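*Asks:* This is the structure, below, for whatever I ask next.
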Amino acid sequence: MPLRQDRPDDGKLYSNVPMTQVEWLVHYIAKAFADVSLDGGIDIHAAQSMDDYGNPEEDRLSRTAERKDWRRVPIAILQPRFWAITFLDAKGFRFYAPAIMTELLKHGDATNNLSAWFLHGLEVTPSGIMKDAPFDELFNSAQRAAIIRYLKHVVHNVPSLDNGDAEKRLRDIQTCTGTG
């Protein structure tokens, strides 16, 4: 069993305290995506406004949306905006992916909507394109590994987060990255 490297409640090191598989995976995702910002991509509120064919409230929220650190994205905005994932561009998807994976690992998805649309967003073409960008250029090797580990975890441990697409997405990503 992996050991905790730190405890977010007090920041001290506790290398002799066991870490659960979910805690380890959340930590792995956080490290892999540590420096990811929105980088000019479409934020979740702008994406929701697109889905709504224009929404002044979402447009207003978009102006102050978090753009620098995905860890500061309020989790409460993700679940009700699951449809908006479809309208995220590649940079927006890369920014929200770790927040969504972390949310789903920690809290699940009672409606399976966020998980289903996240898995839909992970679609990679046979030529390795995701959301009009090369998958292996959009995500660095650590981020690709984090996504693969997340998908393996869902397939083998959390079938409630799988609408039937997780194994296909895993297979497609492994094929395009040469890891499968």
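Since every read-out is calculated from the coordinates, none of them should be taken as a lab result. Every value quoted in this text rests on a predicted model; they were computed, and no experiment measured them. FYI the Cβ positions are ideal-geometry reconstructions off the backbone, even for glycines, and counts take in every protein chain you see.
*Asks:* Collect residues whose amide H, placed 1.01 Å from N in the peptide plane, falls under 5 Å from the amide H of Ile129; neighbours closer than 5 in sequence don't count.
*Replies:* Phe135
*Asks:* Here's something else I'd like to know. Enumerate the amide H contacts of Phe33 below 5 Å, restricted to partners 5 or more residues apart or on another chain; note that Pro and chain-start residues carry no placed amide H.
*Replies:* none
*Asks:* As a footprinting exposure proxy, order Tyr96, Tyr53, Tyr28 by other Cβ within 10 Å, with the fewest listed first. Mind showing how you got there, number by number?
*Replies:* Numbers: Tyr96 29, Tyr53 6, Tyr28 16.
The order, fewest Cβ neighbours first, is Tyr53, Tyr28, Tyr96.
*Asks:* Amide H neighbours of Asp43 under 5 Å, at least 5 residues apart or on other chains, H built in the peptide plane: list them.
*Replies:* Long-range HN contacts for Asp43: none found.
*Asks:* Now, a different point. So what's the Cα pair-distance distribution over the chain, bin width 10 Å, in %?
*Replies:* 10, 37, 37, 15, 2, 0
*Asks:* With a 10 Å Cβ neighbour count serving as the proxy for reagent exposure, in which order, fewest first, do Lys168, Lys91, Lys31 appear? Show your work: numbers first, answer last.
*Replies:* Working: Lys168 16, Lys91 19, Lys31 13.
Going from least to most buried by this count: Lys31, Lys168, Lys91.
*Asks:* Round to a whole angstrom and tell me the spacing of the C-alpha centers of the stretch 86-140 and the stretch 37-78.
*Replies:* With the stretch 86-140 and the stretch 37-78 each reduced to a Cα centre, they are spaced 15 Å.
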